[in-house]
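Asker: Next up is a structure, given as structure tokens.
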Amino acid sequence: MTFGQWLALIGLVAALLLLWSLRDAIMLLFAAVVLAMALCTLVGVVQRRLSCDRPIALLLSLLAIGLVVAVGAAAIVPPFLAQFSELLQKLPEAWAELLSLLHAGLESISRTIYGRSDGELGWLRNLSGSVRTSPALAGEVSDWTFRLVGLVGNVGTVLLKTLFVVAVALMMAAQPTAYRQVLLLLVPSFYRRRALQVLLQCGDALSAWMGGVLISSLCVGTLAAIGLSLLGVRLVAANAVLAGVLNIIPNVGPTLSTLFPMSVALLDSPWRALAVLALYVVIQNLESYLITPSVMHHQLRLLPGLTLSAQFLFTLLFGPLGLVLALPLAVCLQVILREIVIHDILDRWKAGPKRAMLQPISQATES
């Protein structure tokens, strides 16, 4: 390698290391882009419906969002917080009840096989009793839960990052064309027109994904509320809100949302917990095979295996924020891979002499 090539290689490695060190900031910028795309989609709808200028449409959109957030906070947040606190306090009781059922089932199996129970499973009964009678365990569970989501000791950091994302998203939504032109200046001049098409396709895919996820989450939360009410499960509001919010995170979110209502139902009777599990399985199948295909028929089709792989990979690389943004990242990456890597590079790849060598073989095979 020449001296210039070594310098180029060193510069490439240094650039990759710099990007890796700034991965948290890059993820926050991508979150701002996703939020800006959602706001731009709403602004575009308002602008088409009312035939007004973009600043007025942006102002009306922000007022509508503020009104919805205020009404939702006043109507949903107080009962949700109260019920969620009670839900956390009931988790130890549900765990103790599950241990008791497990102990009774294992003893029944032992009597069936050996004709007696030798008492070696008594530690399960003692463990369930200690869990049930521990007065400080509910507070420990609540404290552990809040530490898990990073709300203890990081409130200032979370608020600062949230304000940064919201501010950048508002700036991008106010002048999306200007920021798009700045991004295109980083692309070689011969490829800028094609890069603009790819960016627009990424924006369309993100808009379709966000609209579909919003409708899907509302449907899941509503179905969960109706089903839990019919089954007589307590804390309906908290569980329904959790089902709708966690539906944003595919695969992992629906599984987590099932644990809370099952814990509450287990305190009443085991059959009700099984009924809750069956209810959530039905809801998720409706969401996967009916609701999502209906509201996302213009969106890119993401295979479940690729979605799960993207969640695992982006969580390892970027942490909890990578898990939340795994699906929009996968949507954008699928557009980029399809349009740039496949259409612009692989489809135009010239085989050269090898292609000529393969032609007689294919002709001989056909004959």
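No lab work stands behind these numbers, since they all come straight from the coordinates. Quantities reported herein were computed from a predicted structural model and do not represent experimental measurements. Reconstructed Cβ throughout: ideal geometry from the backbone, glycine too, with neighbour counts over all protein chains shown.
Asker: For a Förster distance of 25 Å, can you work out the FRET efficiency between the beta-carbons of residue 67 and residue 179, rounded to the nearest 0.05?
Answerer: Numbers: r = 27 Å, r/R0 = 1.09.
Approximately 0.40, to the nearest 0.05.
Asker: So, one more: For the residue pair residue 5 and residue 189, what label-to-label distance in nm results when each label sits 7 Å from Cα along the Cα-to-beta-carbon direction?
Answerer: My value for the distance between the label points is 2.9 nm.
Asker: Need one number: nm distance between label points at residue 229 and residue 269, each 7 Å from Cα along Cα→Cβ, rounded to one decimal.
Answerer: Computed distance between label sites residue 229 and residue 269 equals 2.2 nm.
Asker: Between residue 204 and residue 256, take the C-beta separation as r, use R0 = 30 Å, and let me know the FRET efficiency to the nearest 0.05.
Answerer: On the way: r = 30 Å, r/R0 = 1.01.
Once the sixth-power term is evaluated, E becomes 0.50.
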